[in-house]
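Below: one structure, written as structure tokens.
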Amino acid sequence: MAGNNPTPTEYIQHHLQNLTFGNHPEHGWSIAHSAEEAAEMGFWAVHLDTLGWSIGLGLMFMLLFRKVAQSATTGIPGGVQNFVELMVEFVDNSVKDTFHGKSQLIAPLSLTIFCWVFLMNLMDLVPVDVLPTLAQKVGAMFGADPAHVYFKVVPTTDVNATLGMSLSVFALIIFYTIREKGFSGFIGELTLHPFNSPNKLVQALFVPINFLLETVTLIAKPISLGLRLFGNLYAGELIFILIAMIGLWQLPLHFPWAVFHILVITLQAFIFMMLTIVYLAMAVEKH
């Protein structure tokens, strides 16, 4: 991909590089032509491929479910309506079994998370060279060097995307905690647990220790949520890339790994959804 006859290292690096747009110190606002240029653009650079695919797949999910909802019938439903109803019922039952607070947001949020993450994960089953090669041809039509056209198609293999979603969940955790328990209750959870004592002086001595432990626990939730999804999908994509490098044996190895990976991408979407529900349920529970 990085040239006519790329080395294995160049091939892997090219596939793992995002299409990055940002403000370069020398070239101004532009698309990075290498990993080094992408790094020089700094924190505010954006990954166009990650944004494009994640937004596009999110819109596809919303339009599909909206169309099914508008055309739903009480008679014999079609295959798509059956599938959508199954998904809604599955997520609704998961929420009812785990979240015992009062909120009209949790069920739609959980459904969106599961379907959206699943669709983004599903892109990992597209042969690794198909869309990047197409992107190179489109870039060449506009005068770009194909070797400098990068294109990743699995948004969840970008840690920026997974951490972005998990930070959104983190914001909801803080919001629901303060809404249900008040700001004083939120501070109390950070300072009065897990160690407590009826003696006020002893309890005051425990406050710094409690604050440290509870803060680490709180911050670990979004980090673990995002990194778990990223790590599993990144590893899966890397294996697909390595299989693609084998050549003659690519198909016999690609098919069984793809079948197994279907379980992985579904499981990771389910885990992300369930942990979100669990964390929000913990936020509204009163000790």
> Quick one: would you say Phe170 is farther than 28 Å from Val117 by Cα and either open to solvent by 80 Å² or more (accessible area, probe 1.4 Å) or not polar (S, T, N, Q) (or both)?
Replying inline: no
>> Looking at His254 and the list (1) at pLDDT 90 or above; (2) surrounded by 16 or more Cβ atoms within 10 Å (Cβ to Cβ); (3) of a type outside the set (A, V, I, L, M, F, W, C); (4) closer than 30 Å to Ile113 by Cα, which single condition is not satisfied?
In response: (1)
> Do you know which of the residues in region 197-218 that are open to solvent by 70 Å² or more (accessible area, probe 1.4 Å) and touching a residue at least 12 places away in the same chain (Cβ under 8 Å) is nearest to Leu275 (Cα to Cα)?
Replying inline: Leu213
>> I'm trying to understand the selection: among the residues of region 99-128, which are open to solvent by 50 Å² or more (accessible area, probe 1.4 Å) and more than 14 Å from the chain's Cα centre (by Cα)?
In response: His100, Lys102, Gln104, Leu105, Pro108, Pro127
>> Among the residues of region 266-278, are any assigned to a helix (DSSP H, G or I), modelled with pLDDT of 90 or more and open to solvent by 80 Å² or more (accessible area, probe 1.4 Å)?
In response: yes
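State whether one or more residues within region 144-158 are of a type in the set (S, T, N, Q), surrounded by 15 or more Cβ atoms within 10 Å (Cβ to Cβ) and either part of a loop (DSSP other than H, G, I, E, B) or at pLDDT below 95 (or both).
no
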>> If Val68 meets every condition in (1) touching a helix residue (DSSP H, G or I) at 6+ places or on another chain (Cβ under 7 Å); (2) touching a residue at least 40 places away in the same chain (Cβ under 8 Å) apart from one, which number is that one?
In response: (2)
> Considering region 4-46 alone, what residues qualify as being touching a residue at least 40 places away in the same chain (Cβ under 8 Å) and surrounded by fewer than 19 Cβ atoms within 10 Å (Cβ to Cβ)?
Replying inline: Pro8, Ile12, Leu16, His33, Ser34
> Within region 47-61, can you find the residues that are of a type in the set (A, V, I, L, M) and surrounded by 13 or more Cβ atoms within 10 Å (Cβ to Cβ)?
Replying inline: Leu48, Leu51, Leu57, Met60
> In this structure, is Pro252 assigned to a helix (DSSP H, G or I) and within 28 Å of Asp129 (Cβ to Cβ)?
Replying inline: yes
> Among the residues of region 67-98, how many are open to solvent by less than 60 Å² (accessible area, probe 1.4 Å) and among the β-branched types (Val, Ile, Thr)?
Replying inline: 5
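The values are calculated or read from the model by the stated rules, or taken from the named source; none is laboratory data. This structure is a prediction, so every number in the text was calculated from the model and none was measured. Please note: Cβ atoms are built from the backbone with ideal geometry, for glycine as well, and neighbour counts cover all protein chains shown. Just the protein is used for accessible areas: all its heavy atoms, side chains included, with ligands, DNA and RNA removed. Shrake-Rupley method; radii C 1.70, N 1.55, O 1.52, S 1.80 Å.
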